[in-house]
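S.K.: One structure, as structure tokens, below. Some questions next.
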Amino acid sequence: MVTTGLPPADAADVARVTEALQMITPRWNVRVLLTLNRTPRRYKEIVAKLPYLHTSHLHSKIRSLCSAGLAERTEHSARHVTYGLTPRGQQLLPVLPRMARWAEQHLEKPEQPLAAIEQIEDTLALLTRRQAPAILWVLKSRQEATALALAGLVMPTGFWNNIYPHLRQLIDDGLVTTEGTGQPYRLSRAGEALSPVLGALSMWSAGRPIDGAARHPVWGNSAPPPVNPTRVWTSHQARFPAPPAVPAAPATPARPAHRPGWATGELFSHAPPPGAKVPATIGGASR
């Protein structure tokens, strides 16, 4: 991706994040990474965990993750070979729950709850749109920009009006907004809320602890979007309007906290509400 119109520091940052996204976005890559978490596994054990993935396809996925430095092959003997995550791969895993949380709050709610792994895949599909990271970077750092200014920064060697298809796609995805023809473009609320995700990806791709994402020069120091503290964290949300305000009632004992839809190490599972029908297939298609 051409980013020569951006300041050098931003250009390098966007290039690193884009490369990181390209490592993990291809379908099934995240699922393979999660399967290799915690303990190295033999190939047949990985196959058993991912029965829907053809073995020849699985082999190419593992090989690509090893080439990217996220997984490693260990030969204990001629007949005993295991695959596990490298330290680099382990350091990436905490970024994934941030993606799931963002998808939970900002992507369209399906009729049936989605597992967190599918929310992660949906988020990755949006972030890997062509020119998406660079456009988001510019709008975050400048607050707003015209199409002409964006084209000069993001794709300076092409025709400036080639920026419009990318902007229309980001608007359709709900990450960018504008008030109309000829008006500047800005990040939407959902686009602004990507700060923890893109900040963490930037820190990881630079070899730094992702806990420093809040201090990122572009994506840091952003107040998180308000979230209803009583909301249960699942992929399904009631679609009825909020009830009208009523006078404050006397204080009552706090209700026990609900368990979130998933926890660390359980990204493949999601407990559906009672009576809900679980889809027969697992997919990560963008909504």
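S.K.: Inside region 180-197, can you point out the residues that are open to solvent by less than 60 Å² (accessible area, probe 1.4 Å) and free of Cβ contacts under 8 Å to residues at least 24 places away in the same chain? Talk me through it step by step, then tell me what you get.
M.R.: Residues of region 180-197 that are open to solvent by less than 60 Å² (accessible area, probe 1.4 Å), as a first pass: 180, 184-185, 187-188, 190-191, 193-195, 197.
Passing the criteria: 180, 188.
S.K.: Can you go through 156, 113 and tell me which one is more than 23 Å from residue 15 (Cα to Cα), in contact (Cβ under 8 Å) with a residue 24 or more places away in the chain and of a type outside the set (Ser, Thr, Tyr)?
M.R.: Working: 156 fails: more than 23 Å from residue 15 (Cα to Cα).
Selected residue: 113, the only one of 156, 113 that is more than 23 Å from residue 15 (Cα to Cα), in contact (Cβ under 8 Å) with a residue 24 or more places away in the chain and of a type outside the set (Ser, Thr, Tyr).
S.K.: Taking the condition over 18 Å from residue 23 (Cα atoms), open to solvent by less than 30 Å² (accessible area, probe 1.4 Å) and out of contact with any Cys (no Cβ under 8 Å at 6 or more places or on another chain), does residue 95 pass? Give the steps one after another, and end with the answer.
M.R.: Details: over 18 Å from residue 23 (Cα atoms): no; open to solvent by less than 30 Å² (accessible area, probe 1.4 Å): yes; out of contact with any Cys (no Cβ under 8 Å at 6 or more places or on another chain): yes.
The answer is no for residue 95.
S.K.: Which residues, counting only those in region 1-14, are crowded, with 16+ Cβ neighbours inside 10 Å and in a helix (DSSP H, G or I)? Spell out how you get there, then give the answer.
M.R.: Start the filter on region 1-14 by keeping residues that are crowded, with 16+ Cβ neighbours inside 10 Å, which leaves 3, 5-6, 10-11, 13-14.
Correct list: 10, 11, 13, 14.
S.K.: Could I ask something else about it? Across region 112-140, which residue is farthest from residue 16 (Cα to Cα) among those that are open to solvent by less than 40 Å² (accessible area, probe 1.4 Å) and not in a helix (DSSP H, G or I)? Steps first, answer last, please.
M.R.: First, pick out the residues of region 112-140 that are open to solvent by less than 40 Å² (accessible area, probe 1.4 Å): 113-127, 131-140.
Now narrow it down to the ones that are not in a helix (DSSP H, G or I): 113-115, 131.
On the way: 113: 33, 114: 30, 115: 28, 131: 13 Å.
If we take residues in region 112-140 being open to solvent by less than 40 Å² (accessible area, probe 1.4 Å) and not in a helix (DSSP H, G or I), then 113 is farthest from residue 16 (Cα to Cα).
S.K.: Determine which single condition residue 109 fails, assuming it passes every other condition in (1) out of contact with any Pro (no Cβ under 6 Å at 6 or more places or on another chain); (2) part of a helix (DSSP H, G or I); (3) not acidic (Asp, Glu).
M.R.: Going through the list (1) out of contact with any Pro (no Cβ under 6 Å at 6 or more places or on another chain); (2) part of a helix (DSSP H, G or I); (3) not acidic (Asp, Glu), residue 109 breaks only (2).
S.K.: For region 72-102, what are the residues that are touching a residue at least 60 places away in the same chain (Cβ under 8 Å) and not in a loop (DSSP other than H, G, I, E, B)?
M.R.: Within region 72-102, the subset touching a residue at least 60 places away in the same chain (Cβ under 8 Å) is 91-102.
If the condition is that a residue be touching a residue at least 60 places away in the same chain (Cβ under 8 Å) and not in a loop (DSSP other than H, G, I, E, B), then 91, 92, 95, 96, 97, 98, 99, 100, 101, 102 are the ones that fit.
S.K.: Still on this model: Within region 15-71, considering only helices (runs of 4 or more DSSP H) that don't extend past its boundaries, which have at least 1 residues that are within 23 Å of residue 95 (Cα to Cα) and open to solvent by 50 Å² or more (accessible area, probe 1.4 Å)?
M.R.: Working: elements: 29-35, 43-49, 55-67.
The qualifying helices (runs of 4 or more DSSP H) are 43-49, 55-67.
The values are calculated or read from the model by the stated rules, or taken from the named source; none is laboratory data. The shown structure was predicted, so the numbers you read here are calculated from the model rather than taken from an experiment. Because the Cβ atoms are built from the backbone with ideal geometry, glycine has one as well, and the counts that use them run over all protein chains shown. What goes into the accessible areas is simple: the full protein's heavy atoms, side chains included, and nothing from ligands, DNA or RNA. Shrake-Rupley method; radii C 1.70, N 1.55, O 1.52, S 1.80 Å.
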